[in-house]
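Working notes, beginning with the structure itself.
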Amino acid sequence: MSAIQDGPVSSLLSPIDFDGNVELDALIRDQISPDMLEAVEHAHRGDCVAWGIPFRVQKVLLVRDEAQKVDIAPTTAPWFVFLHTSDIQPDELNEHGFISPMRGKGKLGEHAADYVLYYEDGSTERATIRRRHEIGSVDFRFGENCTQCVPSPKPRPIRPPSQEPMLVRWGRRQKQAMAARSKPGRGSWTNYLWAFENPHPEKAVIGLGFEPRSGTVVVSAVSAGHVQATPLRWEARWKAIVKLPENIVQSYELNEHDLLDHVELDLGQVISITPRLLYPNDVWPETRQNQQPVRSADEVIVEFTAHPDADFHLSTGERFAVASLSDDSAASYSVIRPVEAATQRVKLRVIEKGSTLPVPVKLHAHGAVGEYLPPLDRHRSPNPAWFEDYSADLCHGDHICVYIPGEITMNLPLGNVFLEITKGFEIAPVRKTVEVTENTNTITIELERVLHWRERGWVTADTHVHFLSPGTAMLEGAAEDVNVINLLASQWGELMTNVGDFDGKSTFGTQEAGGDGEHLVRVGTENRQHVLGHISLIGYRGNMISPLCTGGPDESALGDPVEVLLSEWAQQCRNQGGLVVLPHFPDPRLENAAALILERIDAVEMCSQDDFYRGIDPYSLSDWYRYLNNGYLVPAVGGTDKMGATWAVGTIRTYARLPDDTPFTYDAWMDAVRAAQTFVTYGPLLEFSVAGQAMGDRITLSASGGTVDVTWNVASATVPMTRVELIVNGEIREAQSVKTDEDGGQWSVPVNGSAWLALLVRAKYEDKPEMIAAHSTPVMVEVEGSPFFAAADALTILEQIEGAMAYIDTIGTRAKAKRLAEMRLVLQGAYRRLHNRMHEMGYNHPHSHATDHPDHH
Ligand SMILES: [Zn+2]
Ligand SMILES: [Zn+2]
C-alpha cells in the first residue's frame, strides 16, 4: 500500500514524532464500527502528504474511552495540524421510524473530544473538537461537509485520459476538477485536516492531550509549523507565466496531454498549465477576426489557487515562492512572473448601431499576456472533442470564443483587454482594445451592419447542425447571424442524438414561440447509410422518418439490414412537407445518383466541417456539375455538419432569397430553397443574374442561340475577395479581379447550345491560401433543340446507380425479400430513366457486367 501523497511538500511544516496506541491493521471490531474497519486499507499510512503538509503515520491514536497524553519534542510552532477522523454512529430510528433529534449522519456540532496543548510551564490550552466542525466522519455522506476542517487529499484537476490516475468517465471528466478522496464511493476512509492555532507560540509545547467526549476519534498524525494563516485556506485563483524547457511546452496537446507534472504547488493546487498564447496585442484592432494566436515555445500560463506561503515546485528542480509574485521589489522574473488577476467585475453589452438592445454575438476576450477571459457563466476551458461538449463555446484552434446573448458579466484584469466581436457576414467584425480601470463597470461595444442582403430579402441558413440543444442552437444562430438552423437528429451506431428534440412541428424562435422571429431552429433528421449515402430531411411534419440509419456500422447499429433507400427517405420527407438535402455532398455517394435522377432532391450541400479556410471544395463542385451538365437543376446550400466545439454554425452558409413582400418564416425559407435562388458562402455575398433572370431560373433561347447579359455584384465584410469567375457548363468562361470589399460587373456571353451559368467568388485571408469562398446556383439557359447532355458525366452517374444496385444485391445485409425487391425496383427506375435518355441522345455506352441491366434492348 503506497502512502497517500497529494503533491509536493511544504518546508514550513514538519511531522511531529507522534506514536499512537494501536496499529491500523490491529484495529478490531470492538474498537471501531464494521464500516470503518472495512475501509481501513484506504487510510493514510507511512509518510504522507496531505494538502502539501507532511505527516508521518505510525500507530494511530484511538481516542475512545480514556484521555491520552503524548509527549512531543518541544516546539513553538504557531500551527498544529491534525490528520484525524471520527467513527460513524448509526442513527437510531424512534418508534415512529424517524430520527429525532436530527443532527444528520455527521452529527453536526456533537462534542467528540477535547485536544489539549501542554506547555513547558505547566499551563494548557484546550480545543473543542466537534463533529462536522473540527472533525468529519470516516464515511462521507453527500452534502455533509465540514465547516473548519478539510478532507484529504486536496482537490485537484482531472487530467486527460492518458494521464488521469483514476477511472473518470467522459461526462464527469467535463468538470475538470474533483474533490478527491482516498477512494471514490462507499467504503472510503476519509481523514480530515484541522489546523489549531497555538495561542501561545512564545512558550514551547511539550505534549498533546486527547480526551474523548462522545464516540470514537482516530488521530493518525500531527504536523506543526510556521505559516502566516491557517494552512488549509487557499487564496482565490490566480495566474503566472512560467518559463519551461521547449520540449516540455511542446509536448502539450489540448485534451490529450497536460503539463501538470511540470509545475506543482505544495500548499495549493495548480489548476491548468497551457502554452502561453501570443496575440498581436500592439496592432490588435488592425488584425482580422478569428486569426489564431501563436503558441509560445517556452512559456506557459499556470493557473493556480494557493496559500500565501505556498511554493511552486518545477520539474526542473527550481522552487519559487507564490509570495514572490506579489513582490514588486523582486529584481527580475526570469522564470516566473505574475499575470494581472481578473478581479474587476464588468458587464459587457453589445448593441447594433442605432439601437440600444443587446444583440447575440460571438465574443473572444484575452488579457495582456494572451490569457483567455471567459464570461462568468461560460467554460474557461471548452472541450474540443467530438460529441464531448455542446456548450455555447467555440474552439478555433487555441482561439477560444463564446456565444453570448449580448449582455454578459465578466471578471477582467485591470489594464488592456483585447476583445473580438463578430456577428455573421453582414456586420463588420470588431477587434478592439479596451482599458479596464477600477471604475470600469460596463463596456459597451457597438456593431455596424455594413451589408444589407437581409434587407433585400435574403435569409441565411445552416442546413446541418448536430448535438446542440434547440436553445443553444438558437443562440449560436443569432450570434452568427444565421436565420435558420437545421438541427438534425441522427443515429451513430448505438447512439441516438437530438431524437427527443424532434416533434415534427415546432419551429423554435418564432414570435409565437417567444423568439424574435429572425433566428429560427427546426429539428429534422439526417438519415444515413455508409455506402448508399446520407440524406438530410428537414422541416418535415409528423412522425420521425425512421429508421434513422440502416445497414450496419459505421452509421447504424451492427446487424441492421439495408431496409430503406435514400430515394425512399426522400420521398417520405416530401410527402411530409419537408425539404431534402444531400449533405456534405458528394460523399458517401452511391445512391445520390439515383435520388437525383429521380428528382427527389431539393438541394446539395456544400460543407465546411470545422475548417474556416478550406473554402468550397472543388471535389464537391465537380460532382454537382455532372448533374447540372445533364440538365438536373438542383440548388446548392451550405451546411457545417457541426458536431463539436471546434465547429461554428454558419461557417459556410446558405443564402436564399424570399420573393418580394414575403415575410420570413421557416416555410418561406424552404420555398426559397425549392425555388433555387440561392448561393453558398464563407463570407462574400453576391447577386447574379442572366438576361435579368435570377439564380435557379430557366431561360429558353431559340435554336439559333444568342448572347445573354450577365450582371453581378459582390461584397464582403469578412474575407477579402480576390476574383470572380463565370462558370459555364463546368468551365471558367470569364474571370475578373475584384476589389476586396465590394465590386460589380457585367459580361455579354454568347450561348450557342444549352448552358448553365453560375458565379464563383474567390477570396483570401492574407495568411491563408486563396479559396472558393462563394458559389451561386446557376441560371439554366436552354437552347431549343440542344438538350443538356454530357455523355461522359452521364456515364459516371449511371455507374454510380449500378454500384448502388450491386451493393444491395451482394454484401448489403438483407431485409425481407420483398423489401429488397422493392428497393431494387426504385434503383432500376432511376437507372432506366438515365439509361434511356443516353440512348435517345444516341450515346451507346459500354454495358457493364456488374448489373443484370434488365431493361436494355
Ligand atoms: Zn452526414
Ligand atoms: Zn451530419
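If you filter segment 572-616 down to residues that are within 14 Å of ligand 2 (Cβ to nearest atom) and among the polar types (S, T, N, Q), you find that the one that is most open to solvent (accessible area, probe 1.4 Å) is GLN609. Scanning segment 648-667 for residues that are assigned to a loop (DSSP other than H, G, I, E, B) and polar (S, T, N, Q), which turns out surrounded by the fewest Cβ atoms within 10 Å (Cβ to Cβ)? Looking at the filtered set, the residue picked out is THR662. Which residue is farthest from LEU254 (Cα to Cα), if the candidates are limited to segment 618-647 and must be hydrophobic (A, V, I, L, M, F, W, C) and open to solvent by 10 Å² or more (accessible area, probe 1.4 Å)? Within segment 618-647, the match that is farthest from LEU254 (Cα to Cα) is LEU633. When segment 733-750 is limited to residues that are outside any loop (DSSP other than H, G, I, E, B) and hydroxyl-bearing (Ser, Thr, Tyr), the one that is surrounded by the most Cβ atoms within 10 Å (Cβ to Cβ) turns out to be SER737. Screening segment 148-171 for residues that are charged (D, E, K, R) and in a loop (DSSP other than H, G, I, E, B) and picking the one that is surrounded by the most Cβ atoms within 10 Å (Cβ to Cβ) gives LYS154.
Would you be able to say whether some residue in segment 624-636 is in contact with a strand residue (DSSP E or B) (Cβ under 7 Å, 6 or more places away or on another chain) and within 16 Å of ligand 2 (Cβ to nearest atom)? Write out each step before concluding.
Here is the first cut: in segment 624-636, the residues in contact with a strand residue (DSSP E or B) (Cβ under 7 Å, 6 or more places away or on another chain) are 624, 628, 633-636.
Remaining after also requiring within 16 Å of ligand 2 (Cβ to nearest atom): none.
Checking segment 624-636: not a single residue is in contact with a strand residue (DSSP E or B) (Cβ under 7 Å, 6 or more places away or on another chain) and within 16 Å of ligand 2 (Cβ to nearest atom).
Of all residues in segment 12-34, those satisfying the criterion of being open to solvent by 30 Å² or more (accessible area, probe 1.4 Å) and either acidic (Asp, Glu) or under 25 Å from GLY207 (Cβ atoms) (or both) are LEU12, SER14, PRO15, ASP17, ASP19, ASN21, GLU23, ASP25, ALA26, ASP30, GLN31. Reported count of residues in segment 459-484, each being within 16 Å of ligand 1 (Cβ to nearest atom) and farther than 12 Å from ALA648 by Cα, is 2. Total residues in segment 518-567 satisfying the condition of being closer than 28 Å to ALA668 by Cα and charged (D, E, K, R): the figure is 5.
Every residue in segment 106-132 that is in a loop (DSSP other than H, G, I, E, B) and either surrounded by fewer than 18 Cβ atoms within 10 Å (Cβ to Cβ) or free of Cβ contacts under 8 Å to residues at least 24 places away in the same chain (or both), please. Give the steps one after another, and end with the answer.
From segment 106-132, those in a loop (DSSP other than H, G, I, E, B) are 106-110, 120-123, 132; that's our starting set.
Residues satisfying the conditions are LEU108, GLY109, GLU120, ASP121, GLY122, SER123.
Could you tell me which residue of segment 668-705 is farthest from TYR632 (Cα to Cα), considering only residues that are in a strand (DSSP E or B) and among the β-branched types (Val, Ile, Thr)? Among those residues, the one meeting the criterion is THR681. The strands (runs of 3 or more DSSP E) found entirely in segment 461-546 that carry 3 or more residues being within 16 Å of ligand 2 (Cβ to nearest atom) and touching a strand residue (DSSP E or B) at 6+ places or on another chain (Cβ under 7 Å) are 484-492, 520-529, 533-538.
Being part of a loop (DSSP other than H, G, I, E, B) and open to solvent by 40 Å² or more (accessible area, probe 1.4 Å), is that true of even one residue in segment 67-75? Give the steps one after another, and end with the answer.
As a first pass, look at segment 67-75 and keep what is part of a loop (DSSP other than H, G, I, E, B): 67.
Subsequent filtering for residues that are open to solvent by 40 Å² or more (accessible area, probe 1.4 Å) retains 67.
Checked segment 67-75: at least one residue is part of a loop (DSSP other than H, G, I, E, B) and open to solvent by 40 Å² or more (accessible area, probe 1.4 Å).
Residue by residue, here is whether (1) modelled with pLDDT of 95 or more; (2) in contact with a Ser or Thr (Cβ under 8 Å, 6 or more places away or on another chain); (3) over 30 Å from LEU488 (Cβ atoms); (4) in a loop (DSSP other than H, G, I, E, B) holds:
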site	(1), (2), (3), (4)
GLY354	no, no, yes, yes
HIS364	yes, no, no, no
ASP377	yes, yes, no, yes
ALA385	no, no, no, yes
ASP389	no, no, no, yes
CYS395	yes, yes, no, no
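Inspect all residues belonging to segment 661-681 and state whether any of them is at pLDDT below 95, away from ligand 2 (no atom under 16 Å from the Cβ), among the acidic types (Asp, Glu) and more than 20 Å from ILE727 (Cα to Cα). There is at least one residue in segment 661-681 that is at pLDDT below 95, away from ligand 2 (no atom under 16 Å from the Cβ), among the acidic types (Asp, Glu) and more than 20 Å from ILE727 (Cα to Cα). Restricting GLY524, GLY533 to residues that are farther than 25 Å from THR472 by Cα, within 16 Å of ligand 1 (Cβ to nearest atom) and touching a residue at least 12 places away in the same chain (Cβ under 8 Å) narrows the list to GLY533. Is it the case that some residue within segment 435-458 is in contact (Cβ under 8 Å) with a residue 24 or more places away in the chain and either part of a helix (DSSP H, G or I) or within 16 Å of ligand 1 (Cβ to nearest atom) (or both)? Taking every residue of segment 435-458 in turn, at least one turns out to be in contact (Cβ under 8 Å) with a residue 24 or more places away in the chain and either part of a helix (DSSP H, G or I) or within 16 Å of ligand 1 (Cβ to nearest atom) (or both).
The values are calculated or read from the model by the stated rules, or taken from the named source; none is laboratory data. All of these numbers come straight from a predicted model, not from anything done at the bench. Cβ coordinates were reconstructed from backbone atoms using ideal geometry, including for glycine residues, and neighbour counts include every protein chain displayed. Accessible surface is based on the protein model in full, side chains and every heavy atom, while ligands, DNA and RNA are left aside. Shrake-Rupley method; radii C 1.70, N 1.55, O 1.52, S 1.80 Å.
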